[in-house]
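Taking it in order: structure first as structure tokens, then the write-up.
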Amino acid sequence: MTEEEKLIALKAMVGGSDSDEVLSTYLKLAGRKIINRAYPYDSSVTEVPA
């Protein structure tokens with residue numbers, strides 16, 4: 001998924017009441033949590049795999 005597709009999906013889930021910047025921040029934070037959980041000892045991974 002592209003970032004734009006993720007943003008559209010998140011807007012649909014939360015009702016679109018927040019700004020794009022806030023929702024993008026939520027997506028980045030969630031991505032970091034996923035990466036830290038999936039690759040706890042590999043700091044070279046910076047993007048959530050497909």
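The values are calculated or read from the model by the stated rules, or taken from the named source; none is laboratory data. Keep in mind the model is a prediction, meaning the values are calculated, not measured. Because the Cβ atoms are built from the backbone with ideal geometry, glycine has one as well, and the counts that use them run over all protein chains shown. To get the accessible areas, we keep the full protein, side chains included, count just its heavy atoms, and leave off ligands, DNA and RNA. Shrake-Rupley method; radii C 1.70, N 1.55, O 1.52, S 1.80 Å.
Before moving on, here are some points about what is shown:
- Rolling a 1.4 angstrom probe over the protein heavy atoms with all chains in place gives the chain an accessible area of 86 Å² per residue.
- FRET efficiency, Tyr39 to Ser17 (Cβ-Cβ, R0 35 Å, nearest 0.05): 0.60
- Fraction of the pair-distance distribution of the chain above 13 Å, Cα-Cα pairs, percent: 58
- Net charge, Pro40 excluded, C-beta distance under 15 Å - Lys, Arg +1, Asp, Glu -1: +2
- The angle between the Cα long axis of helix 20-38 and the main principal axis of the chain comes to about 30°, on a 0 to 90 degree scale.
- Helix axis angle, 3-14 relative to the chain longest principal axis, alpha carbon, degrees: 60
- Each part reduced to its alpha carbon centroid, region 28-44 and region 12-26 end up 21 Å apart.
- Model label zone, Leu7; criterion: amide N under 17 Å from point 7 Å along Cα-to-beta-carbon; scope region 20-45: 20-31
- Theoretical ellipticity at 222 nm over the chain - DSSP helices of four or more residues, -39500 (n - 2.57) apiece, nearest 500: -20500 deg cm²/dmol
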